Amino acid sequence: MPEYKAPLRDISFVMNELLESEKLYQTLPGYEEATEDLMNAIVEEGAKFAEEVLAPLNQTGDEEGCQWSEDGVKTPTGFAEAYQQYVDNGWPALSAETEAGGQGMPNLMGIIINELAGSANWSWLMYPGLSHGAVKTIEEHGDAEQKEAYLTKLVAGTWTGTMCLTEAHCGSDLGLLRTKAEPQADGSYAINGTKIFISAGDHDMAENIVHIVLARLPDAPEGTAGISLFIVPKFNVNEDGSLGEHNGVHCASIEKKMGIHGNATCVLNFDDARGYLIGPPNKGLNCMFTFMNTARIGTAVQGLAHAEQSYQGALAYAKERLAMRSLTGPKNPDGPADPIIVHPDVRRMLLTQKALTEGSRAFLYFLSQQGDIVDAGGEEEAKRADDLMALLTPIGKAFVTEAGFEAANLGVQVYGGHGFIREWGMEQIVRDARIALLYEGTTGIQALDLLGRKVLGSGGKLLMGFTGMIDEFCEANPGAEDEPFISALKAYKDEWLEVSMKIGQAAMENPGLFRPR
Ligand SMILES: Cc1cc2nc3c(=O)[nH]c(=O)nc-3n(C[C@H](O)[C@H](O)[C@H](O)COP(=O)(O)OP(=O)(O)OC[C@H]3O[C@@H](n4cnc5c(N)ncnc54)[C@H](O)[C@@H]3O)c2cc1C
């Protein structure tokens, strides 16, 4: 298994030098505490936790997997203890709002800690990872009582969250979902139905699980206009905040799957489970977008994490493994052959992995800074950042997860036949990385969102806003040294606009070719 070493220099370069985070956060109300020193210290602590606690559980978690029994799901050895350490160190609260006990640090910090933890052990990270979306959804759409009952525990990590959308007959097309919610005399709802593929749907790491569930009210309109959103706790919560009896939600089984074996992918049966409506009736999908957008960026981080993990493994191996001689003369004359890193094809693979990793990191950190600008409020800047996020989130999710999978495949190739053998750990990265292209909306569904809703849906405004930023950047950087990069950037930007216009035109002339939603 490649030994994971947090890429502190690369992270610091993007966070401090490229994106000048301290300068930004000193201008954003609520984030003044985010100084360079504090942010560096947080990253260093996160790196230690990832390297020392999570990385050693990555391969064993893959081999052992999760175990189902009627009493609940048991996670791999060491996962629950690592989670307790994570909670004791206050990591779940890092970028949550201070009202519910959060530390109020920027989203960027949360993304960096997720990159570190996810590169060390993605399956483990998914347990606390889904709680972020649940927290954001309740913060934005929950009423005062719901915030009081659920937020503090989720923010502290005492409880974890899930996202319950998918049913056996529908994943991309949630308009088809059938789970029902019947109003009860006490103001709650009886939830009945079966959800499948629910990540972290059951486990032994926290004392309660807060499911965020899409279901239909009686007589709701068909399709997406008739979906509402509910909180369904695994254990009911008494008025004084203590835990009551087991709610009517049970894990019927866990999936046997290609990768992320350490994470429980659950079939959840809801049998008259007590649920509580969040947000307005029939507007559940709109409210769920808060969760889904957080989860999309979270999943994009998976691509970055696997690219980094695979690159580290491949680089170390390429420096050690000996095969043939360099075409420009021996580089290891005292040995029987040269290390394979001397061969141009191996360097091509390593450099492709490196470029995909570093580009993805810069892109995702930039995107999460836009989230901080939105959260800080302020008319014009927040609107501009919101527009950018709308356009770039589907690109981030689709591109970075595809990049992560490509980098993971290259990692196997650099190892030759050993890449295919389990003990080296490179094939696990490919298996674990593959799911990121599917969940939180497949790459095809991200493309529909980008072209249909964001590009065509805004009449080209969102795209032109972003390409306008690229123009401004090119004009501000005319220096001779940068010229080749600036010319290439301009050419790609022009090509992007041209291709988008062609697709838009074709879609209007022939909706069967591409159907905007
Ligand atoms: C390990 C794992 C964990 C998961 N975790 C969760 C979770 O925590 N919570 C949750 O709710 N779900 C979860 N999912 C479900 C996941 O989000 C869905 O599987 C995914 O959204 C795709 O839905 P589907 O499987 O029903 O595929 P389908 O919707 O049947 O799609 C099949 C294919 O058709 C394509 N397609 C569909 N519609 C269109 C269209 N209009 N235009 C072009 N192409 C189209 C898709 O891109 C895809 O290639 C998980 C799944 C897995 C495997």
#### Entry: Hz values of 3J(HN,Hα) by residue in segment 8-23 - Karplus curve (6.51, -1.76, 1.60), Gly and Pro given as x
4, 5, 5, 5, 4, 4, 5, 5, 9, 8, 6, 9, 6, 4, 4, 4
### Query
Using +1 on the beta carbon of Lys and Arg, -1 on that of Asp and Glu, and nothing else charged, what's the dipole of segment 357-429 about the Cα centre, debye to 20?
300
### Summary
Going residue by residue through segment 207-220, the Karplus relation 6.51 cos²θ - 1.76 cosθ + 1.60 with θ = phi - 60° gives ³J(HN,Hα) values, rounded to whole Hz and with x marking Gly or Pro, of 7, 8, 10, 9, 8, 9, 10, 8, 8, 10, 6, x, 6, 5
#### Entry: Lys, Arg +1 and Asp, Glu -1 on Cβ, resulting dipole of the chain about Cα centre, debye, nearest 20
1820
### Query
Taking H as built 1.01 Å from N, whose amide H comes closer than 5 Å to the amide H of SER253, not counting residues under 5 places away?
VAL267
## Note on the structure
Under 5 Å from the placed amide H of ASN208, counting only residues 5+ away or on other chains, we find THR160
### Message
If you filter segment 321-362 for trypsin sites (Lys or Arg not before Pro), then keep DSSP loop positions with at most 14 other Cβ within 10 Å, what is left?
### Response
LYS331
### Message
Run through segment 268-361 and list the chymotrypsin sites (Phe, Trp or Tyr not before Pro) located in a DSSP loop whose Cβ has at most 11 other Cβ atoms within 10 Å.
### Response
none
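Using the number of other C-beta atoms within 10 angstrom as an exposure proxy, rank LEU513, LEU489, LEU116, LEU177 with the fewest first.
On the way: LEU513 10, LEU489 16, LEU116 28, LEU177 25.
The fewest-first ordering by Cβ neighbours comes to LEU513, LEU489, LEU177, LEU116.
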### Query
If we count every other residue with Cβ under 13 angstrom of HIS418's Cβ, Lys/Arg +1 and Asp/Glu -1, where does the sum land?
-1
### Query
For the charge dipole of the chain, defined by +1 on Lys and Arg C-beta atoms and -1 on Asp and Glu C-beta atoms about the Cα centroid, which residue among LEU410, TRP159, PRO511 has the Cα displaced farthest towards the positive pole?
PRO511
### SER95, SER458 arranged by Cβ crowding within 10 Å, fewest neighbours leading
SER458, SER95
### Message
Could you derive backbone 3J(HN,Hα) for segment 267-275 from the dihedral phi with the Karplus parameters 6.51, -1.76 and 1.60 (θ = phi - 60°), listing whole Hz in sequence and x where the residue is Gly or Pro?
### Response
8, 10, 9, 9, 10, 6, 6, 7, x
## Note on the structure
For TRP68, TRP496, TRP91, TRP124, ascending order of other Cβ atoms within 10 Å (fewest first) is TRP496, TRP68, TRP91, TRP124
### Positive-end residue, segment 80-217 charge dipole about Cα centroid, Cβ charges, pick of GLY90, GLY101, ILE198
ILE198
### Structure-based [θ]222 nm, the chain - -39500 (n - 2.57) summed over DSSP H runs of at least 4, per residue, nearest 500
-16000 deg cm²/dmol
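Laboratory data are not the source of any read-out in this text; all were calculated from the coordinates shown. Worth saying up front: this structure is predicted, and the values here are computed from it rather than measured. Methodologically, a virtual Cβ is constructed for each residue, glycine included, from the backbone with ideal geometry; neighbour enumeration extends over all protein chains shown.
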